[in-house]
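Each remark here refers to the structure printed beneath this line.
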Amino acid sequence: MSFVLTLIYLFIAGIVAGLISSMAGLASLISYPVLISLGLPAVSANVTNTAAMIFTGIGSSMASIKELNGNWKIVSRVTITALLGTILGCFLLVIAPSSTFEHIVPFLIFGAGALMLWSQFHKRDPHKPNRSIIARALIRYISIFLVGIYIGYFGASAGIIVLSILTATVNLPFLTNNAIKNFISFSANTLSLLIYAFTTKVYWWMVLPMGIGMFIGGYVGPHLMRHIPLKPLRIVIAFATFVLAGYFFYDAFF
């Protein structure tokens, strides 16, 4: 493939990945295999993908200001929690074999899909005692911390896990939870890249065309979500996680 065609290939893949990321958190289903197909080693493809994903975060966060305004308290809390986990995950990437976490990933993703479906069909009782609120908060912050570790360690499809956790444990509209997810992903990917830049090779010339595409897709995605039915979208996202979990399970165990 010529250099120009490669740039176009990366740009188009970036747009598609940015759209999917800002709407569901599954960008790496597109971007990571694209980088692998261009011959990058797995670890370098992972960190190059992380670098490009920052552009998605910029675009989607800009487009999601409407949903984020008035919710900065919860945004800051969950983001800081995720960043603490991200730091730990980045260091684990340096000292632990990748196969260890690869065997855990399918179950994390499956659990995310189950959470998404549960939150869709489970009706909260407003008369439940406050301890249920405390329990949800504990689940939220412990889960977000663990996902932060995953983002720092590998990160593929982490967005959909974050979205499922927020949907199940934060009593906010789905569009707002999706906006918070986008902001968390942007913050965690930025921190991961700062650490990765000193520990492994990033293919910066690939980051730029893919990143520009991801910015466009990331900016357009939140606007599209304001005009499409959310309940069917949440169900589709949930079942997409089960397919993804099956893929990672097969890849890790067979």
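The values are calculated or read from the model by the stated rules, or taken from the named source; none is laboratory data. Predicted, not measured: the structure shown is a model, and the values here were computed from it. When we count neighbours, we look across all protein chains shown, and the Cβ atoms used for this are built from the backbone with ideal geometry, even at glycine. Surface accessibility is based on the protein's heavy atoms, side chains included, excluding ligands, DNA and RNA. Shrake-Rupley method; radii C 1.70, N 1.55, O 1.52, S 1.80 Å.
With the contact rule set at Cα under 8 Å and sequence spacing of 6 or more, what percent relative contact order holds for the chain? Walk me through the numbers on the way to the answer.
Details: 409 pairs, mean separation 112.0, N = 254.
Reported relative contact order: 44 percent.
Counting only heavy atoms of the protein chains, get the accessible area per residue of the stretch 189-235 (1.4 Å probe) and round it to a whole Å² value.
Numbers: 2470 Å² over 47 residues.
Per-residue value: 53 Å².
Could I have the simple spin-label model distance between Ala114 and Trp204, label points 7 Å from Cα toward Cβ, reported in nm to one decimal?
4.4 nm
Return the FRET efficiency for the residue pair Ile36, Phe242: r is the Cβ-Cβ distance, R0 is 25 Å, and the value is rounded to the nearest 0.05.
Details: r = 23 Å, r/R0 = 0.92.
Once the sixth-power term is evaluated, E becomes 0.60.
At a 1.4 Å probe radius, carbon and sulfur cover how many percent of the accessible area of the chain?
On the way: 8830 of 11870 Å².
C and S fraction of accessible area: 74 percent.
How many Lys pairs in the chain lie less than 18 angstrom apart by Cα atoms, where the lysines are 8 or more positions apart or on different chains? Provide the component values of the computation, followed by the final result.
On the way: Lys66/Lys181; Lys73/Lys181; Lys123/Lys231; Lys181/Lys231.
Lysine pairs satisfying the spacing and distance rule in the chain number 4.
May I ask for the angle, rounded to the nearest 10°, between helix 174-196 and the longest principal axis of the chain, with both axes built from Cα atoms and the value confined to 0 to 90°?
That works out to roughly 40 degrees.
Taking 0.36 nm per intervening residue step and subtracting the Cα-Cα distance, what contour gain separates Lys66 from Leu138 on full extension? Mind dumping the intermediate values first?
On the way: separation 72, 0.36 × 72 = 25.92 nm, distance 2.73 nm.
Residue separation times 0.36 nm, minus the Cα-Cα distance, leaves 23.2 nm.
Given a 1.4 angstrom probe, what's the average accessible area per residue across the stretch 1-119, in square angstrom?
Values: 5290 Å² over 119 residues.
Averaged over the residues of the stretch 1-119, the accessible area is 44 Å².
Over the Cα atoms of the stretch 155-254, what Rg and Dmax result, in angstrom?
15.8, 43
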